[in-house]
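So the structure is just underneath, and the comments pick up after that.
The values are calculated or read from the model by the stated rules, or taken from the named source; none is laboratory data. Because the structure is a prediction, the values reported are computed rather than measured. Note that we place each Cβ from the backbone using ideal geometry, even for glycine, and neighbour counts take in every protein chain shown.
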Amino acid sequence: MTSTTPLIQAQNVSRHYHLGDSTIPAVNDISLEIRPGEFVALLGSSGSGKSTFLNLLAGLDRPTSGAIHVRGRNLAAIDPTELAAYRRDTVGMVFQSFNLLPRMTLAENVELPLRLAEVDRAERAARVQSALEHVRLAARSRHRPAELSGGEQQRGAIARALVNRPSILFADEPTGNLDSVNGEQILQLLREIQSSLGMTIIMVTHERPLAEQFATRIVTLGDGKLKSDTPNASAALQPANATAAPAQSATAEAHQ
Amino acid sequence: MKTRDLTELAFRNLREAILRNSLTTLGVAVGVASLVAMLSLGVGLQTLASQKLNSSGLFDAVYVTSKRGGMRGGPGGDGDRPRRNDEKSAKSEPVKPLDETARQEFEKLPNVTEAYPQVRFLTEARLNGKSMSIGAIGMPDSSRKTGSFDNIAGKYFSSPTADEAILHSEFAKDLDPQPASLVGKEITLRYAQRQETPPPDTNKPKDIDDELDDMLSGGGGISIVSHDKKLRIVGIIDTDPSIGAGGFGGARIFIPLKTAQEMRPAQGGDVNEFVRASGSAKPTYMALTVRVKNPKNVTQVEDAIKKLGFNTFSLQDATRSLRLVFTVFDLFLGLFGSLALTVASLGIINTLVMAILERRREIGVLKALGATDRDVRSLFFAEAGAMGLLGGIFGVAIGWLIGQALTWGTTIYLKRQDLPGVKISYVPWWLAAGAIAFAVIVSLVAGLYPAARAAKLNPVEALRYE
């Protein structure tokens, strides 16, 4: 699944925040390479800099120093409009608090990235439908986020992240607001997406057991620095559809 | 983002915070309404004034008399003085008669809409066994449109040659305490009629009657006889439309001009003319009213007529100062109206800045999903514009209603004073369109700062916001 050419290359990336006279190094000189198709878990305690690092990789923030190359482009150097285009076309984002817009229906939320990408109306409906089927929420498309359970909301958010067919999916504590059963289901879904669509997934979590169960590589951060970086062979060997049988048919369909 | 998507999202966002956005939009609407109401009042009053002035015929008319002073001579009036004038002018150039040829000449002048004779005469009116001596005047057909007869009870003349009459209400009240009942009745006018007579046969032996005739007719051309004419009353009017018809009022019975001409009442000029013009029976006019397209053409037309050899008279300068007063008036009304709209635009700024605080997270999500700064800015801009547009439309509607209410109130007040109602507020299409455009522009300007601020939000910070 993985190839040797790195998809993301972070070189000596630092992100410092200034609070009055003091400088807080949230991310301090991290270098990391991620290859296509990897499912990377960024582990670390609160304040370890894992979310900040994820934001830098996702193009939501810029490093104070260092370079982040994605497909040959340095995110630290491109202009804001190009960075927005990167977030829109190359990246999908999943958040801890789901971040579905409460005033829109699920389908409208999922459609939002397509509107931003100026995709034709006719094509939009089909792609929204397909993305919702992928996360088994087609029946709930007209519901508003408040009418959905936490797990459903997060699946909706994943559909929104997938609808623009990005090559990298970033997930910031995707199970943080979910109970263990729902959390496991979400990670199962991500794992299945990673294996079926060949997507690269970078996930921030503080739950080591889940990371070990699903991620193919575990990167640990502490105090803004890279502490460890180990492949997780057990997850890599585990079949993606082991506990996600219901998703199988829809996924296979979408993959065709 | 495509414009259609942008608009859709903007209206959706406005709909979601419906109460606050409605109140803000209402603020804009009230601002626009006050602007529209003020200006419509200005425009309305100006329109009313110029309508009244135009229909009064005082400001877009040139009164033409012959240099022989035809207007001065009443029936049987001074016969000597014109003769002296005649002698004077005979030395310089022949005096042109104010006749049909002259009238047609005036009508051909540039910027002249019509030239018609003043036909007014004294008559003995008889109805219901009462008999009264009053002034009658012929009204040109154009008076139908100028608004002179707007407040008529009954109808206007059915045709320009109808044997019909409209009475002034004061005169009608003298005839009957309930003037309305007079409509449809016949009134008889006895008046002095001008009759053309063949030149006297000198060979024929004269009796006393012939000699009397000669005395009356001056021995040739015309004679003046008493004549009765029956006219059907079609309407009663409170105001004096004859001011507009080219005289300076005073007539109490109004008849179609052509009918009046066919009645051939003896005019002051007739007496002068036949005394002077050595037996010529060609009819001349006492005075002509030359109506011009626009009051500003009056001077030019007046000069042209003077060059043709006639006396002229107009009330030109009065309109100019009136126009100045109205321009200043409009300016002030507009300023007050704009003030209200300025307050409303502060409301827009406030609403949008609040919306940014409230929708920080949404902006963060949009940016995380790939919205550019421009997308976010445009969205807020579109929302401001939409509020301006809706506020503008509602504002024009409210402003129009306020104007209607003012007109309504004024009319009631005027009716109590026994005066005819007037339309004091008027919203022309350019005012409506201009007010809406102004509201949109003001709203967009008000949205500039909030939109720029929203666009600059850092997505990470925005997403952290709860």
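Taking the criterion of being closer than 30 Å to B:ARG15 by Cβ, among the hydrophobic types (A, V, I, L, M, F, W, C), touching a residue at least 12 places away in the same chain (Cβ under 8 Å) and assigned by TED's automatic domain parsing to the domain that holds B:PRO459, would at least one residue in the range B:403-413 satisfy it? No: zero hits. Remark: pairs (first residue in the range B:1-27, in contact (Cβ under 8 Å) with a residue 24 or more places away in the chain and surrounded by 14 or more Cβ atoms within 10 Å (Cβ to Cβ); second residue not small (Gly, Ala, Ser) and not in a helix (DSSP H, G or I); Cβ separation under 7 Å; 6+ apart in sequence or on different chains) = B:MET1/A:GLU118.
Among residues of the range B:420-435 that are in contact (Cβ under 8 Å) with a residue 12 or more places away in the chain, those with a Cβ under 6 angstrom from a residue that is part of a loop (DSSP other than H, G, I, E, B), sequence gap 6+ or separate chain, pair up as B:PRO420/B:ASN151.
When restricted to residues that are of a type in the set (S, T, N, Q) and away from chain A (no Cβ under 13 Å), the range B:356-405 contains 1. Here B:GLU466 meets each of (1) modelled with pLDDT of 90 or more; (2) surrounded by fewer than 20 Cβ atoms within 10 Å (Cβ to Cβ) with one exception, condition (1). Against the conditions (1) under 17 Å from A:ARG217 (Cβ atoms); (2) outside any loop (DSSP other than H, G, I, E, B), A:THR5 satisfies every one except (2). For the range A:109-129, filtering for residues that are surrounded by fewer than 19 Cβ atoms within 10 Å (Cβ to Cβ) and facing chain B (nearest Cβ under 9 Å) leaves 3.
Of everything in the range A:122-153 that is in contact with a Ser or Thr (Cβ under 8 Å, 6 or more places away or on another chain) and not hydroxyl-bearing (Ser, Thr, Tyr), the residue that is nearest to A:PRO102 (Cα to Cα) is A:ARG144. Can you tell me which residue in the range A:181-203 is surrounded by the fewest Cβ atoms within 10 Å (Cβ to Cβ), limited to those that are more than 15 Å from A:GLY92 (Cα to Cα) and of a type in the set (Ser, Thr, Tyr)? The extreme case among them is A:SER196. Mind listing whichever residues of the range B:302-357 are surrounded by fewer than 18 Cβ atoms within 10 Å (Cβ to Cβ), within 26 Å of B:GLN51 (Cβ to Cβ) and of a type outside the set (A, V, I, L, M, F, W, C)? Within the range B:302-357, B:GLN316, B:ASP317, B:ARG320, B:SER321, B:ARG323, B:THR327, B:ASP330, B:GLY334 qualify.
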